[in-house]
Amino acid sequence: MQPHTRYARSGPISVAYQVLGEGAIDLVLADQWTSHQEAQWDVPPVAELRRRLASIGRLITFDKRGVGMSDPVSMQSLPSLEAWIDDVRAVMDAARSDRAALITTLGGALMGLVFAATHPDRLRALIVVDGWARLLVEPDYPIGLSPAEVRRKLEQTEAGWGRGVMLDGFAPSMRAVPGLRESWSRYERYAASPGVARGMIGNLLNLDVRDVLSAIHVPTLAISHADASAIAPRFGRYIAEHVEGARFVELPGMDNLMWAGDQAAVVAEVGAFVTGANPVHTPDRRLATMLFTDIVGSTKRAAEVGDRAWRALLDRHDALVRSCVQRAGGRLIKTTGDGALATFDGPGRAIEASREMSTSAPTLGLHLRVGLHAGEIEITADDIIGLAVHVAARVSALAGPDEVLVSSTVRDLVFGSDVAFTDRGSRVLKGVPGRWHLYAAEFSRS
């Protein structure tokens, strides 16, 4: 479930923010210049990055004034870096965060660098991912872009805004991912209009914060991607060379958007830096079959039987799910109050567990929706992450009472078994790219 959107007061301005996860370390994500707190969860790789960061500590995201769900501003008076810094402080205060690691990307790095120089007491670390201190070329800054290049980028952005233009320039490896351009295009439209995009980006492309670099005295990490053409590694290297004690890391890849490409490698570097551990990127990734359950009409049933009886019924439900999973050789990841998530190393075992659950739950007076999907997941200490997890959850949400709904991947993997399936057609799964063919597993109820 996505976190609730809250609002902090930054002077007269309401700034939208969300908090995800928990832990001893706070992380504030100032992702480029644009964002939308609720639409970010509809773009699978963007949502995945947020969840990965939240595995490090408590993640705080926000919409800067003028974009997303925060208060709009006049086109004649676009926000200054100082105003955005005020927004960060207001959000941290509202979230009761005294000190945090500030993660900035692309144009958001300009604000982050100034924030680190002016409010070192609020930061435990600064991370700059594919950012810059100045973009335009100068006699003393030969690494910059020519005015013609900057003008072309600005014109391309305004012309293509709302149609996924940032994928072309900043995430070329992701352009062919089915459904991604559609979801990212909506994100762009929700976040800002073309006029706001041109105004904001025009300001950022012309800013120069090189003079503040020598005043930064918080631990700083600059990350760049080796083959990125939009924002090349030389910009991040410059920052690291001019901030005292800063560390520069160049990772493989051609994408500048933090969520694109190998986001796990970026998160591993961020986690290692803010925790002081050595960066070890050895994720436990494997193919697994996910099983999601949901109690049909749980809210209504709880109101009918009362809190105490409902709690007792949920305990019996949890015990049933746990025993079914264990007997089928699976792993119960978590219960969710009115459902559960489990994994299996084979779809046949997942189907067996789901069969037992769906046929046994009615004896408790409960009816379940069950969804199955097989795909690659990453296993963390106490949870699982990955696009496949989202797919399984969406499949479960479409199942009917006492129905076990599976993806075509599951059906194909058990081809030749004695399990029969009924075609439920091709469906769009909310927030998941492409169309998915779904099937209902058929069991004897005798």
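Scoring Ala215 on the criteria (1) over 28 Å from Arg151 (Cβ atoms); (2) surrounded by 19 or more Cβ atoms within 10 Å (Cβ to Cβ) leaves a single failure, condition (2). Pairs are defined by a Cβ separation below 9 Å, a sequence spacing of at least 6 or placement on different chains, a first member in region 206-231 that is part of a loop (DSSP other than H, G, I, E, B), and a second member that is of a type in the set (Lys, Arg); the pairs so defined are Leu207/Arg134; Val209/Arg134; Val218/Arg124; Pro219/Arg124; Pro219/Arg247; Ala230/Lys153. All of Thr118, Thr104 fail the test of being under 17 Å from Pro219 (Cβ atoms), polar (S, T, N, Q) and either open to solvent by 10 Å² or more (accessible area, probe 1.4 Å) or at pLDDT below 95 (or both), apart from Thr118. The strands (runs of 3 or more DSSP E) falling completely within region 1-59 that include 1 or more residues that are surrounded by fewer than 22 Cβ atoms within 10 Å (Cβ to Cβ), hydrophobic (A, V, I, L, M, F, W, C) and within 16 Å of the chain's Cα centre (by Cα) map to 13-20. Here Val296 clears all of (1) among the β-branched types (Val, Ile, Thr); (2) surrounded by 20 or more Cβ atoms within 10 Å (Cβ to Cβ); (3) more than 30 Å from Leu53 (Cβ to Cβ) except the condition numbered (2). Within 30 Å of Ser229 (Cβ to Cβ) and at pLDDT 90 or above: does that describe Asp294? Judged against the criteria, Asp294 is not a match.
Can you find, within region 357-380, the residue that is modelled with the lowest pLDDT among those that are within 15 Å of Leu341 (Cα to Cα) and either surrounded by fewer than 23 Cβ atoms within 10 Å (Cβ to Cβ) or among the β-branched types (Val, Ile, Thr) (or both)? The qualifying residue modelled with the lowest pLDDT is Thr380. For Asp211, the conditions (1) at pLDDT 90 or above; (2) more than 24 Å from the chain's Cα centre (by Cα); (3) not hydroxyl-bearing (Ser, Thr, Tyr) are fulfilled apart from (1).
Looking across Ala420, Ala393, Ala399, one residue alone is surrounded by 14 or more Cβ atoms within 10 Å (Cβ to Cβ) and either at pLDDT below 90 or over 22 Å from the mean Cα position of the chain (by Cα) (or both). It is Ala399.
The values are calculated or read from the model by the stated rules, or taken from the named source; none is laboratory data. Note that the coordinates shown come from a computational prediction; the quantities given were computed from them, not determined experimentally. As a convention, Cβ positions derive from the backbone with ideal geometry for all residues, glycine included, and neighbour counts pool all protein chains shown. For accessibility, only protein heavy atoms count, side chains too; no ligands or nucleic acids. Shrake-Rupley method; radii C 1.70, N 1.55, O 1.52, S 1.80 Å.
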